[in-house]
Amino acid sequence: MRSVLRICPSYHYFSSTNNNNNNSTINNNINNNQQQQQQTDTIKYYYEATDLEHFTVYENNIRENGKTFQCDYIYDNHTSQLDIFINEIVPYIEKVLNGIDCNILLFGNDYSGKRYTLEGIKDSPGIFYKTIEYLFNKKIELNNLFKIYFNSVMINKEIIYDNLSLELLNSSENNQLRLKDDKKKGIIIEGISNIEIKDLNQALHLFYEVNNKFYKINNLNKHLILTLRIVINNKLDTILNFISIGNINPLQLDDINSNLWINNLSNCLNCLQNNLPSIPFHKSKFTLLLRDTLLNLKETLILCNLSPVIENYKFVIQNLNICHQLKNILSLQQIKNKELKESMIKESRKEEMNDEIKVTYIENTNEIALQKKELEINSLKEENKYLNEKVLQIESQLKKLTELQEFQSKQIQAISPLQKKKSTRINNSINSNNVNNTSIESNSLNSNELDRYREVMESMIIKLKKQMKEVEEENLNLKKEISKMDILHKKNISKLLNNYKTSTKQVEDLQKENEELKEKFEKIKKEKRTINLEKKEKEKKLEMEINLLKEALSVALQQARHVTNN
C-alpha cells in the first residue's frame, strides 16, 4: 500500500465535438481533448511541504492553524507524467504481471488534475496511456505470453453502467449491471463486456471513447472504473483497476441521495478503525466494490490530486482527510496481514513438525506390523510344510498296506482247496495202487488245516480292512484340515495385503500434505524476500532523497552566507 500526493498544474478541458465519429483516429481524440493552461494567478489557499512526506494546508493565505497530512511522497507541479508513471505505476504493473491484483485510486475534485493525471494531453500523455504502452512493449518482449482485456464501468446514483455498451444511460435493466461475491475472485461485476485488446490504437480508441462518454454526464458524484485484465498462459488471471473517484462536496454531505457513497465510505472507515465486527460495505455499490481494497486484499496506490489555484479549501480538506484515514486503515490492515502471515508460517512449521513426527511414527508402526505379519506368514508356511509331510507319510503307509493286501491275497489263492484237489488227482494217477488208503488220511488232515488257515486269514483280512478304513478316515480328516488351513491362510494373507495397502496410502497422503505445506512455506519465503527487497529499495530512495536535501540545504546555506557577506 502506498499513498502519494500530487500538486497538478492548473488545466481546463474543453468539450469535444467529434466524439461520436467512429472513424476518428487517436490523434484527433487527443487533439479534441487537449487542455489549455488557465491564466489565473490567485490562489484559493496556502500550502507548504516541510519535507517530502508532510503536507500542510492553511486557509485564506494565512499561515496559522494549518492542517498537516502525512503521505509516502509529495510531487510538485513541475513533476512530469513520465516520472510519476515510472516511480509509482510501473511497480504495480510488475505486481500484476506476477499474479497480484492491484487498484490505483485517483482522488480529487473537478479541475484538481485528476483527469490530467489519468488521460493527459498530446505532449504529455497520462498514466493510463503509458500503462497500455508499457504492457504492449512487455508483451513483445515476452513473445505474446499474455493477453490483455479491457472493460469499463460507471457508477452513477448507485447504478452500475457498462461504458462499452451502445447506450450508456439506458434505463432498461439490460444495461444495468449487478455485483456478485465470488469465493475466489472477491467482488465481481456480472455481465460486464470484456474486449480483447490486440494493438495500442484499439486500446486508446476505446479509452478516449469511454472518457468522452463519462465526462458528458453532468453529475459530479459519478465514479469511473477502467480495468485492464491480464491473462497469462490461460492460467493466471490478474486485474489492474484505475478508479477515478467522484467529487467529495462537504456542503452536500447531509444530502443522502447525492453523497450516499461518501457517507457509507466514512462509516466503513470508522468501523475498520475501531475494529468493529460488522462493516456496512453492502449499503453502497461503490464501497462494496472497494471491499477487497479496504480489507487490504489487493495492492493499492492512493493518488490524491490537488490544484491550489482552482480548488476550494473545504473540498481539499475533505479529500485529504479521507485519503489520510484510508492510508492509516490500509497500513493497519497490512500490519494485521503480516502478523497473520507470520502466525501462518509458525503454524505451518508446527504442522510440518507434527506431520514429520506422525510420518515417522506411522512408518515405525508399519515396519513393526509388517515384521509381525512376516513372522505369521513364515509360521503358516512351516505349518503347511509339516502338514504336507504328514500327508506324504500317510500316503506311503497306504501304499505299503495295499502291497501287503495284494501279497496276502496271492498267498490265499495259492493255498486254496481247488489247487489241492488238482495236486491229489495227479498223485492218484501216478500211485494208483496205494491211493485209497493214503488219500483218506491226507484228506482228513488237510481239511482241518485248511479250516484253521481260513479262519486265521479271514481275521487278518478283517483287521487289514479296518486299518485301511481308519487310514482313509485319517487322510480325509487331514485333507479337510489342510483345506481349512489354506482358506484361513489365504484370508490372513489378503487381510495383511489390505492393511499394507492402507498403510502405504496413509504414508503417501501424509507425504503429499507435507509437500503442499513445503510449497506454501516456500511461497511465504518468496513473499518475504520481495518485501525485504521493496524495503531495501525504499531505504535507498530515502537515502538518496536525504542526500539531495542535505546538498540543497548546504547550497542554501552557502547562498545565505554569501548574501549576508555582501
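The values are calculated or read from the model by the stated rules, or taken from the named source; none is laboratory data. Since the model is a prediction, treat every value here as computed from it, not as a measurement. Positions of Cβ are generated from backbone atoms using ideal geometry, with glycine treated the same way; all protein chains shown enter the neighbour counts. For the accessible areas, the whole protein counts, side chains as well, though only heavy atoms, and no ligand, DNA or RNA atoms are used. Shrake-Rupley method; radii C 1.70, N 1.55, O 1.52, S 1.80 Å.
Rundown of residues vs (1) at pLDDT below 75; (2) over 30 Å from ILE487 (Cβ atoms); (3) in contact with a Gly (Cβ under 9 Å, 6 or more places away or on another chain); (4) not in a helix (DSSP H, G or I), yes/no style:
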site: LYS372; (1), (2), (3), (4): no, no, no, no
site: GLU376; (1), (2), (3), (4): no, no, no, no
site: LYS385; (1), (2), (3), (4): no, no, no, no
site: LYS400; (1), (2), (3), (4): no, yes, no, no
site: GLU403; (1), (2), (3), (4): no, yes, no, no
site: PHE407; (1), (2), (3), (4): no, yes, no, no
site: LYS410; (1), (2), (3), (4): yes, yes, no, no
site: LEU418; (1), (2), (3), (4): yes, yes, no, no
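Every condition in (1) charged (D, E, K, R); (2) open to solvent by 60 Å² or more (accessible area, probe 1.4 Å); (3) at pLDDT 90 or above holds for GLU94 except the one numbered (2).
Residue pairs whose Cβ atoms lie under 6 Å apart, separated by 6 or more positions or on different chains, with the first residue in region 139-154 and closer than 30 Å to TRP261 by Cβ and the second open to solvent by 50 Å² or more (accessible area, probe 1.4 Å) and assigned to a loop (DSSP other than H, G, I, E, B), are TYR149/ASN194; ASN151/ASN194. Restricted to region 542-557, and to residues that are of a type in the set (Asp, Glu) and open to solvent by 100 Å² or more (accessible area, probe 1.4 Å), which residue is nearest to GLY99 (Cα to Cα)? Among those residues, the one meeting the criterion is GLU543.
Quick one: count up the residues across region 284-295 that are open to solvent by 30 Å² or more (accessible area, probe 1.4 Å) and in a helix (DSSP H, G or I). Here the count works out to 4. Taken over region 167-191, residues that are modelled with pLDDT of 80 or more and closer than 17 Å to GLU209 by Cα amount to 0. For region 479-502, does any single residue satisfy the condition of being under 26 Å from GLU352 (Cα atoms), surrounded by 13 or more Cβ atoms within 10 Å (Cβ to Cβ), among the hydrophobic types (A, V, I, L, M, F, W, C) and in contact with a helix residue (DSSP H, G or I) (Cβ under 8 Å, 6 or more places away or on another chain)? Taking every residue of region 479-502 in turn, none turns out to be under 26 Å from GLU352 (Cα atoms), surrounded by 13 or more Cβ atoms within 10 Å (Cβ to Cβ), among the hydrophobic types (A, V, I, L, M, F, W, C) and in contact with a helix residue (DSSP H, G or I) (Cβ under 8 Å, 6 or more places away or on another chain).
Taking the condition under 30 Å from ILE394 (Cα atoms), at pLDDT 80 or above and β-branched (Val, Ile, Thr), does ILE487 pass? So ILE487 fits the description; yes.
Of all the residues in region 103-137, those that are open to solvent by 10 Å² or more (accessible area, probe 1.4 Å), modelled with pLDDT of 90 or more and in a loop (DSSP other than H, G, I, E, B) number 0. Consider region 459-501 and keep the residues that are more than 20 Å from ASN388 (Cα to Cα) and either of a type in the set (S, T, N, Q) or not in a helix (DSSP H, G or I) (or both). The one that is farthest from the chain's Cα centre (by Cα) is SER459.
Let's see how each residue does on (1) open to solvent by 90 Å² or more (accessible area, probe 1.4 Å); (2) touching a Cys at 6+ places or on another chain (Cβ under 6 Å); (3) at pLDDT below 90; (4) assigned to a helix (DSSP H, G or I):
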position	(1), (2), (3), (4)
ARG6	no, no, yes, no
THR17	yes, no, yes, no
GLN36	yes, no, yes, no
LEU52	no, no, yes, no
VAL57	no, no, yes, no
PHE69	no, no, yes, no
ILE74	no, no, no, no
PHE85	no, no, no, yes
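Of all residues in region 147-161, those satisfying the criterion of being open to solvent by 10 Å² or more (accessible area, probe 1.4 Å), modelled with pLDDT under 90 and either among the aliphatic types (A, V, I, L, M) or on the phi < 0 side of the Ramachandran plot (or both) are ASN156, ILE159, TYR161.
Residues checked against (1) of a type in the set (A, V, I, L, M); (2) touching a strand residue (DSSP E or B) at 6+ places or on another chain (Cβ under 9 Å):
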residue: SER307; (1), (2): no, yes
residue: TYR313; (1), (2): no, yes
residue: CYS323; (1), (2): no, yes
residue: SER331; (1), (2): no, yes
residue: LYS346; (1), (2): no, no
residue: ARG349; (1), (2): no, no
residue: MET353; (1), (2): yes, no
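In region 532-540, the condition of being assigned to a helix (DSSP H, G or I) and farther than 30 Å from LYS346 by Cβ is met by at least one residue. With respect to (1) touching an Asp or Glu at 6+ places or on another chain (Cβ under 7 Å); (2) part of a helix (DSSP H, G or I), the lone exception for ILE100 is condition (2). Residues in region 296-334 that are modelled with pLDDT of 80 or more, outside any helix (DSSP H, G or I) and not β-branched (Val, Ile, Thr) were compared, and the one that is most open to solvent (accessible area, probe 1.4 Å) is GLU299.
Among residues of region 75-98 that are under 21 Å from ALA49 (Cβ atoms), those with a Cβ under 8 angstrom from a residue that is buried (at least 19 other Cβ atoms within 10 Å of the Cβ) and of a type in the set (S, T, N, Q), sequence gap 6+ or separate chain, pair up as GLN81/THR117; ILE84/THR117.
Among the candidates GLU516, GLU522, GLU539, the residue that is open to solvent by 100 Å² or more (accessible area, probe 1.4 Å) and under 30 Å from ILE86 (Cβ atoms) is uniquely GLU539. Scan region 336-355 for residues that are open to solvent by less than 90 Å² (accessible area, probe 1.4 Å) and either under 30 Å from ASP72 (Cβ atoms) or out of contact with any helix residue (DSSP H, G or I) (no Cβ under 7 Å at 6 or more places or on another chain) (or both) and the total you get is 7. The residue of region 217-236 that is farthest from ASP110 (Cα to Cα), among those that are open to solvent by less than 10 Å² (accessible area, probe 1.4 Å) and out of contact with any Gly (no Cβ under 8 Å at 6 or more places or on another chain), is ILE230.
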